[in-house]
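The following block contains the structure, expressed as structure tokens.
The values are calculated or read from the model by the stated rules, or taken from the named source; none is laboratory data. What you see is a predicted model; the values in this text were computed from it and never measured. Cβ sites come from the backbone with ideal geometry, for glycine too, and all protein chains shown count toward neighbours.
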Amino acid sequence: MNQVPIMQPIYPVQGANYALPQQPNYNAVKIDIHNPSVGTPGMAQPQPMYQPQYAPVNAPIYNYPQAPIYCPCPVPMPTDQVTTQAPVYYPGQPLAQPPVTYPQAPAVIDQQNVNYPPQVQPMPAPAQSPQPVPAPQVSNAPVVEAPQPVEPSLDLNGFISRLANPDFEGQAAAMEDIADVVNKQPEKASELVDKQVFKALNDIISFDSSKVEGPSQKQIEIRQKLVQGEKVSAEDEKLANAYSPKEMAERNKSYALFSIALLDKVYAQEIKKLSNNTVPLTDLPSAVNVVNQLKDNPNPMVRESAIEALSYIQEPEYKKDLTTLFTVAKNDQDASVANAAQAALDKLDKVA
């Protein structure tokens, strides 16, 4: 991209020209997814109750020693339950406490002598011959690559809204962003080539700034002192460097001219890429308005900006038309405009 210097506005102040201190350079280059059961086998069956045996009638009732009348027979008990042997009772003997028999702990099982059922061995599978490994199949089908993520498009309506905003600083910021897209994201720059964008830029250029407040008298006096080399306070210097609303409106006209030049060049390059044809200078969007600003705008700063904008979009096919325009502008009564025209002619001579 061609480097194009930008000049500051010049305002006549009591016979002296004061160049507004250098502001940020926004020229064409910068405007840049959560219980055991009974009968059960193995179990002891209940015994009938013991029936006492009576002695013959002639036998003595008491015939010692005899077995006690009551001699209940022991009833077999399961081995795993507590059993108590009923003692034989003899008259005259003290009752003895029956010994208590506690269940015995089960014997330790010799694991080695336990006969377990033989394990069933699985039948061996029939021998099979090894199968050959098939060779990998080579497909001739084209490889389909995964889709690449699509970058979001520019917010075109956002640009248009900001350009149409009456706030001068907002307009300037939008035009700076246009330059950034063209210079840093050229693949998206063509999205800004829209008639509504050009209309908003033309509205900025044609804005009547005569009804807007200009610099105050104090600002003018401080600027005059700075031109003469006099020292001023930091506060006064800050006041002198501040843009008035009128100056911001005129600055934005220069910005709009550069923005048109940037988008016109993108448009011309796209047409040439698609059809290998060059769009005539006068057929570029809003190019005619740029030429008219060079001829008729009363502000020298705007006329100078028009020269630099046209010089930026120069092509060999435009050489003849541009030579005519710059030659006329070389005779401008303002020295800065005339110098800009001469520099543009010198640059144009190097175009093959």
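Can you find, within the range 254-287, the residue that is surrounded by the fewest Cβ atoms within 10 Å (Cβ to Cβ) among those that are in a helix (DSSP H, G or I), of a type outside the set (Ser, Thr, Tyr) and over 37 Å from the mean Cα position of the chain (by Cα)?
Asp283
To continue, here is another question. Condition first: of a type in the set (A, V, I, L, M, F, W, C) and over 11 Å from Val182 (Cβ atoms). Now tell me which residues in the range 252-279 satisfy that.
Residues satisfying the conditions are Ala256, Leu257, Ile260, Ala268, Ile271, Leu274, Val279.
Go through the range 220-247 and give me each residue that's surrounded by fewer than 21 Cβ atoms within 10 Å (Cβ to Cβ) and touching a strand residue (DSSP E or B) at 6+ places or on another chain (Cβ under 6 Å).
Of everything in the range 220-247, those that are surrounded by fewer than 21 Cβ atoms within 10 Å (Cβ to Cβ) and touching a strand residue (DSSP E or B) at 6+ places or on another chain (Cβ under 6 Å) turn out to be Ile220, Gln224, Val227.
Another question about this same structure. Within the range 316-344, how many residues are surrounded by fewer than 18 Cβ atoms within 10 Å (Cβ to Cβ), more than 15 Å from Pro300 (Cα to Cα) and of a type in the set (A, V, I, L, M, F, W, C)?
1
If I ask for residues that are small (Gly, Ala, Ser) and either assigned to a loop (DSSP other than H, G, I, E, B) or over 22 Å from Val302 (Cα atoms) (or both), which ones from the range 206-244 would you list?
Ser206, Gly214, Ser216, Gly229, Ser233, Ala234, Ala242, Ser244
Related question: Can you tell me which residue is surrounded by the most Cβ atoms within 10 Å (Cβ to Cβ) among those in the range 152-189 that are of a type in the set (Asp, Glu) and within 14 Å of Leu263 (Cα to Cα)?
By that ranking, first place goes to Asp177.
Going by the structure shown, is Glu250 modelled with pLDDT under 95 and either outside any helix (DSSP H, G or I) or surrounded by 13 or more Cβ atoms within 10 Å (Cβ to Cβ) (or both)?
no
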